[in-house]
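Derivation of every value follows stated rules applied to the coordinates shown; laboratory data play no part. Every value quoted in this text rests on a predicted model; they were computed, and no experiment measured them. Because the Cβ atoms are built from the backbone with ideal geometry, glycine has one as well, and the counts that use them run over all protein chains shown.
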Amino acid sequence: MILVATDYVGLRQAALEIFEEIFTAEDRERTLAAAESAANRDEIIERAIPQRTLSPGYYERVIYLLDLEEMTQVVQVGLREVDESEIRGITVVRQAREETLQKYPPCPHCGKRNSKFMPRCRACAKPLEN
């Protein structure tokens, strides 16, 4: 049996998937709205829904670690109150966040995050410097 709390490779993957979902949510919403009137509506919806690769416990743990990270920034929590798996888990989640932020850099003109492979900003349509 795998102990999710200490499976840092799995937690990293779950965090990357969650951050990817967050950064692509706006595009997904547009796609789903456009699918309402499409002939192949079901196919479009199925492709637009993010496919998670791990069991739900990994995503729940990542959400817990994100909440814990936020709490430790707001409240001075003593290290005795946070166990090693939580500290290492927060570190893995932070690394996944940084990796995702690099994948979606901000537009130098308006600040909207875009895929680093896009030639133009989705928000202001100005050229991106890749």
Place the peptides 54-63, 88-97 in order of packing, highest mean first, counting for every residue the other Cβ atoms within 10 Å and averaging per peptide. 88-97, 54-63
With the crude spin-label approximation of a point 7 Å out along Cα→Cβ, what separation in nm comes out for Met118 versus Thr31? 1.4
Can you give me the angle between helix 8-35 and the longest principal axis of the chain, using Cα atoms only, in degrees from 0 to 90, rounded to the nearest 10? 30
222 nm mean residue ellipticity, helices alone, for the chain (DSSP H n ≥ 4; -39,500 (n - 2.57); rounded to 500): -19500 deg cm²/dmol
Roughly how many debye, to the nearest 20, is the charge dipole of the chain about its Cα centre, given +1 on each Lys and Arg Cβ, -1 on each Asp and Glu Cβ, and no other charges? 660
Dipole of the stretch 4-103 [Lys/Arg +1, Asp/Glu -1 at C-beta], most positive-end residue of Ala35, Val4, Met71: Val4
Under 5 Å between amide hydrogens, which residues at least 5 positions from Arg113 or on another chain qualify, with H placed 1.01 Å from N in the peptide plane? Cys107
Quotient of Cα radius of gyration and Kirkwood radius for the chain, i.e. Rg/Rh, equals 1.06
Rel. contact order, % - alpha carbon contacts under 8 angstrom, at least six apart, the chain: 28
Sorted by mean Cβ packing within 10 Å, highest first, what order do the peptides 100-108, 36-44 take? 100-108, 36-44
Could you give the angle, 0 to 90 degrees to the nearest 10, between helix 56-74's Cα long axis and the longest principal axis of the Cα atoms of the chain? 70
